[in-house]
Amino acid sequence: MNKARIAVLVSGGGTNLQALIDAQASGLLHSGEIVLVVSNKEGAYALERAARAGIETLVLTRKACGGQEAFEQALAAELTKRQIDLIILAGFMSILSEGFTSRFENRIINVHPALIPSFCGKGFYGLKVHEAALAYGVKVTGATVHFVNEVPDGGRIILQKAVDILPGDTPETLQRRVMEQAEWILLPQAAEQVSAEICKEKENNT
Ligand code: GAR
């Protein structure tokens, strides 16, 4: 079978990338293959995780490229060159413009650490999402994997899972629970689901 060629975009520690790498090793992710990891931050630990798994890595920063538009153009060129079928945002802390997302319609997925449409959109990323959930006082939060379009965190939802907030939670303890109970499970599942759909489309087109 012709597997979907996957690029994972990261900015930080890369625990979600690790979940994808582990899913590939265990066979849970079998319709797609991670062939590239791109970081928009120099020295991101995710790059080490990728290198350890023998995956090609690339660092592309907005600053080095000379602005967001040039960054997106360079990124699109690298992805096209490698015939990437699926782009996975796994802790990628930069909003992509419509110019970019429309080029890869239904080909970009993102994991968000809340139950969209709560605590999402511009300014809601990383620990800030959990701080906002605790400040609001919700008793249940979770994670969402969704397609990426021009609206930040606004694309079609693929998978969602709820996680309880417990008395005494801090943003850090909540972040960890949401990762363990939701993100690291959902993201590989969604990656496999979308990869399988892409494979089917590819077969139909040949
Ligand atoms: C994860 O919780 C991810 O959902 C979140 O950042 C963390 C990255 O951790 N992403 C966003 O907030 C994007 N809006 P990781 O680098 O260990 O995967």
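Output yes when any residue across the range 87-106 is away from the ligand (no atom under 11 Å from the Cβ), in contact with a Lys or Arg (Cβ under 8 Å, 6 or more places away or on another chain) and at negative phi, and no when none is.
Checked the range 87-106: at least one residue is away from the ligand (no atom under 11 Å from the Cβ), in contact with a Lys or Arg (Cβ under 8 Å, 6 or more places away or on another chain) and at negative phi.
For the range 108-132, which positions are of a type in the set (S, T, N, Q) and near the ligand (Cβ under 7 Å from one of its atoms)? Let's see the steps before the verdict.
Taking the range 108-132 as the starting set, the residues that turn out to be of a type in the set (S, T, N, Q) are 110, 118.
Asn110 - this is the single residue of the range 108-132 that is of a type in the set (S, T, N, Q) and near the ligand (Cβ under 7 Å from one of its atoms).
List every residue pair whose Cβ atoms sit under 6 Å apart, with the two residues 6 or more apart in sequence or on different chains, where the first one lies in the range 43-62 and is under 13 Å from Ala25 (Cα atoms) and touching a residue at least 12 places away in the same chain (Cβ under 8 Å) and the second, anywhere, is away from the ligand (no atom under 15 Å from the Cβ) and of a type in the set (Val, Ile, Thr).
Final answer for the pair search is none.
Out of the residues in the range 7-48 meeting the condition of being surrounded by 23 or more Cβ atoms within 10 Å (Cβ to Cβ) and of a type in the set (S, T, N, Q), tell me which one is farthest from Ala191 (Cα to Cα).
So, considering only residues that are surrounded by 23 or more Cβ atoms within 10 Å (Cβ to Cβ) and of a type in the set (S, T, N, Q), the one farthest from Ala191 (Cα to Cα) is Ser39.
Quick one: in the range 148-184, of everything that is in contact with a helix residue (DSSP H, G or I) (Cβ under 8 Å, 6 or more places away or on another chain) and in a helix (DSSP H, G or I), which residue is surrounded by the fewest Cβ atoms within 10 Å (Cβ to Cβ)?
This residue is Glu172.
State which residue is nearest to the ligand (Cβ to nearest atom) when the search covers only the range 1-53 and only residues that are in contact with a Gly (Cβ under 9 Å, 6 or more places away or on another chain), assigned to a loop (DSSP other than H, G, I, E, B) and more than 22 Å from Glu180 (Cα to Cα).
Checked the range 1-53; the qualifying residue nearest to the ligand (Cβ to nearest atom) is Lys41.
Just to be sure, is Ser31 touching a strand residue (DSSP E or B) at 6+ places or on another chain (Cβ under 8 Å) and closer than 22 Å to Tyr125 by Cα?
Numbers: touching a strand residue (DSSP E or B) at 6+ places or on another chain (Cβ under 8 Å): yes; closer than 22 Å to Tyr125 by Cα: no.
It is false that Ser31 is touching a strand residue (DSSP E or B) at 6+ places or on another chain (Cβ under 8 Å) and closer than 22 Å to Tyr125 by Cα.
What tally of residues in the range 17-49 results from selecting those that are under 15 Å from Asn110 (Cα atoms) and in contact with a Pro (Cβ under 9 Å, 6 or more places away or on another chain)?
Looking only at that region, the number is 2.
Are there any pairs, at least 6 apart or on different chains, whose C-beta atoms fall under 6 Å, with the first in the range 101-129 and of a type in the set (Lys, Arg) and the second more than 7 Å from the ligand (Cβ to nearest atom) and part of a loop (DSSP other than H, G, I, E, B), and if so, which?
Partner pairs satisfying both residue conditions: Lys122/Pro152.
Yes or no: Ile84 away from the ligand (no atom under 11 Å from the Cβ), buried (at least 22 other Cβ atoms within 10 Å of the Cβ) and among the β-branched types (Val, Ile, Thr)? Spell out how you get there, then give the answer.
Working: away from the ligand (no atom under 11 Å from the Cβ): yes; buried (at least 22 other Cβ atoms within 10 Å of the Cβ): no; among the β-branched types (Val, Ile, Thr): yes.
So Ile84 fails the test.
Please work out which one of (1) in a loop (DSSP other than H, G, I, E, B); (2) away from the ligand (no atom under 14 Å from the Cβ); (3) exposed (fewer than 15 other Cβ atoms within 10 Å of the Cβ) is the condition Gln73 fails and give its number.
It is condition (1) that Gln73 fails.
Quick one: Ala51 ticks every box in (1) within 17 Å of Leu187 (Cα to Cα); (2) touching a strand residue (DSSP E or B) at 6+ places or on another chain (Cβ under 8 Å) except a single one, so which number is it?
(1)
Give Val145, Val194 a once-over and let me know the one that is crowded, with 20+ Cβ neighbours inside 10 Å, away from the ligand (no atom under 12 Å from the Cβ) and closer than 30 Å to Met1 by Cβ. Before the answer, list the steps.
On the way: Val145 fails: away from the ligand (no atom under 12 Å from the Cβ).
Going through Val145, Val194 in turn, just one is crowded, with 20+ Cβ neighbours inside 10 Å, away from the ligand (no atom under 12 Å from the Cβ) and closer than 30 Å to Met1 by Cβ: Val194.
Rule-based calculations on the coordinates, nothing more; no lab input. Quick caveat, the model's predicted, so the values are computed rather than measured. Every residue, glycine as well, gets a Cβ built from its backbone with ideal geometry; the counts of neighbours run over all protein chains shown.
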